[in-house]
1. Excluding same-chain pairs closer than 8 in sequence, count the lysine pairs in the chain whose Cα atoms lie under 23 Å apart.
2. Looking at the chain, what % of its DSSP beta bridges pair antiparallel, to the nearest 5?
3. For segment 38-46, take each phi angle, set θ = phi - 60°, evaluate the Karplus expression 6.51 cos²θ - 1.76 cosθ + 1.60, and give the result in whole Hz per residue in order, putting x for glycine and proline.
4. What are the extents of the Cα atoms of segment 66-145 along their three principal axes, listed from largest to smallest and rounded to whole Å?
5. How much length, in nm to one decimal, is gained on full extension between A431 and L369, taken as 0.36 nm per residue of separation minus their Cα-Cα distance?
6. Which length gain, in nm to one decimal place, applies between L166 and R8 when the Cα-Cα distance is subtracted from 0.36 nm times their residue separation?
7. First check a/c for segment 1-152, with a ≥ b ≥ c the square roots of the eigenvalues of its C-alpha gyration tensor; if it is under 1.5, answer rounded, and if not, answer prolate when a/b is larger than b/c or oblate otherwise.
8. Could you give the alpha-carbon Rg of segment 121-240 over 2.2 N^0.38 Å, rounded to two decimals?
Amino acid sequence: MERRYLIRTFGCQMNEHDSERIAGVLTADGMTPAHTPDDARVIVLNTCAIRENADNKLYGNLGHLKPLKERRPDLKIVVAGCLAQKDQAEIQRKAPWVDVVVGTHALPQLLELIDRSETDGPQMDIREHTEVFPTALPAVRNDTFRAWVSIAPGCDNGCTFCIVPLVRGPQRSRAIGDILAEVQGLAARGVVEVTLLGQNVNTYGRDVTVPGSSRTPLFARLLREVDAVERLRRIRFTSPHPHDFTPDVIDAMAACEKVCEHIHFPLQSGSDRVLQLMRRSYRRERYLEWLARIRAAVPDVAVSTDIIVGFPGETEEDFLGTLDVVERARFDSAYTFQYSPRPGTRAATMPDHVAADVVQERFDRLVALQNRITLERNQAQVGTTVEVLVEGAGKKGGSTQARTRGNRIVHLEHGLEPGTFVDVRVTGAAAHHLVGEAVGASAPLRV
Ligand code: SF4
C-alpha cells in the first residue's frame with residue numbers, strides 16, 4: 001500500500017501550525033496525504049487540552065479507529081499535541097491500539113518513534129523541554145499566500161483556568177534571525193500575510209535577552225524587522241497579554257505599514273475580583289486605558305477579545321462588570337466561552353462553581369450585547385473602501401470570501417483569485433460579515 005498520512009487537528013492556531021510541521025516531517029519521509037482513514041498508513045490525531053470535552057473527543061476518535069487497526073495491524077496511530085503531553089501513558093492504557101504518543105516537545109522524534117513502534121511495539125516520548133524548535137522542521141502549509149510563524153511557544157503566566165503552561169512549558173523565544181529567515185523564505189515563495197504566533201507575544205524575547213540585562217522584550221523590534229521584509233504585505237500577531245503590553249509595541253503598530261489594524265486583546269472578565277481569581281494581573285480600568293492608547297495611536301484599529309462567563313465564584317455583580325466593560329470597550333468581535341473546568345488547572349479545584357443554568361443565562365446576555373455592538377461596528381463600515389485579501393470561495397456558489405486588514409470577513413459576488421488584493425466598497429453589513437463590491441486592484445504597499 002502506498003505510504004499515505006492523515007492528520008486530524010483539534011484546537012488552536014498553534015496546533016494547526018504544529019500539524020503543518022507534522023505533515024512536513026511525513027512528507028519529507030516520502031509520504032503523501034490520504035483522503036480517508038482507509039487509505040492512510042499513518043493517522044495522527046493532534047489533540048487539544050483546552051477545549052471542553054477534549055478527552056471524550058480523543059477517545060471517541062480512537063474508538064472509531066480501533067476496528068480499522070484490527071483489520072490493518074500495519075496502520076500506525078499517533079496521538080500528538082497537548083492532550084498527549086498531559087495524559088501521557090494514560091492514553092495507551094485506555095487505548096492500547098495507539099502506536100505512538102508524542103508530546104508537544106518531541107515532534108522532531110516523530111519518525112523515529114513510528115519506526116521503532118514497528119519492531120518494539122507502542123512508543124511514547126513526553127519530554128519536559130523543547131530541545132529542537134518544531135519550526136526547524138519542514139512544513140506543508142495549507143495556504144500558499146498566508147502562513148503562521150511561531151515566535152515563542154510556551155507561557156510563563158499561570159492563569160488559573162489555563163492548561164497551556166502545563167502542556168507547552170515555559171516560554172521559549174526563537175532567535176530574531178531565525179524568524180526573519182523563515183518570513184523572508186515565505187515571502188520569496190509568494191506568502192503575502194504572516195501571523196506571528198505566541199501564547200503571549202509581547203513577552204517575546206524576554207527569555208533570550210542578555211543574562212543580567214533588564215530582560216527587555218523584543219516584540220516591538222521584531223515587528224519592525226518583519227515589516228521590512230520585501231514582498232510581504234500584511235503582518236498579524238496573536239495574542240498579547242494586557243498585563244505585559246508596552247508602549248513600544250503601540251509605537252511599532254502605528255509605524256509599521258504592514259502591521260494590520262487589528263489587535264486581539266483578551267479581556268477574560270470585566271470584574272477585578274474575578275481577574276484576581278483568574279491570576280490575570282491587570283485590572284479593568286488599566287485594560288480600558290491600554291485600549292484607549294492603542295486606538296489613539298492606530299486609528300480605526302479593530303479589536304477582538306476573549307471572555308469567560310461563569311468563572312468559579314463569579315457573582316451577578318461581577319458579571320455586570322463584564323457587561324459594563326464590553327459596552328465601554330466596543331469590541332469589534334469577541335470569542336465568548338462558558339467556563340468549564342479543565343482537569344489539572346487551579347480553577348478546577350476552586351469552590352463556588354456557578355450553576356449551569358446561571359452560566360447559560362449570563363452567556364446569552366453577553367452574546368446578545370456583543371452581537372449588537374459587532375453589528376453596529378460593521379454597519380459603520382458601510383460606504384467605506386477597504387483593501388481585502390481574497391481567501392477563496394464563499395459559502396454561496398460563485399461568491400468569494402475576503403478579509404480586511406481589520407480582520408473583518410467580506411463577501412463578494414465575483415469569483416476572484418485567492419491570494420490577490422482588491423479594493424472593495426462596502427455595501428452592506430451583517431452580524432458576522434460585510435458585503436462588498438470590487439472597485440479595482442489594490443495598490444501595492446511601499447516595499
Ligand atoms: S497567558 Fe494565561 S491564558 Fe494565555 S496561555 Fe498563558 S496561562 Fe494560558
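Throughout, read-outs are computed from the coordinates displayed, never taken from laboratory work. Note that the structure is a prediction, hence the values are computed from the model and not measured. Note: ideal-geometry Cβ built from the backbone for every residue, glycine included; neighbour counts use all protein chains shown.
1. For the chain, qualifying lysine pairs total 12.
2. Restricted to the chain, the bridges split so that about 30 percent are antiparallel.
3. 4, 9, 9, 8, 10, 10, 10, 9, 9
4. Its Cα atoms span 40, 30, 22 Å along the three principal axes.
5. Net length gain for the segment: 21.2 nm.
6. On the way: separation 158, 0.36 × 158 = 56.88 nm, distance 2.24 nm.
Length difference between fully extended and current span is 54.6 nm.
7. rounded
8. Details: Rg = 15.4 Å, N = 120, 2.2 N^0.38 = 13.6 Å.
That works out to 1.13 for segment 121-240.
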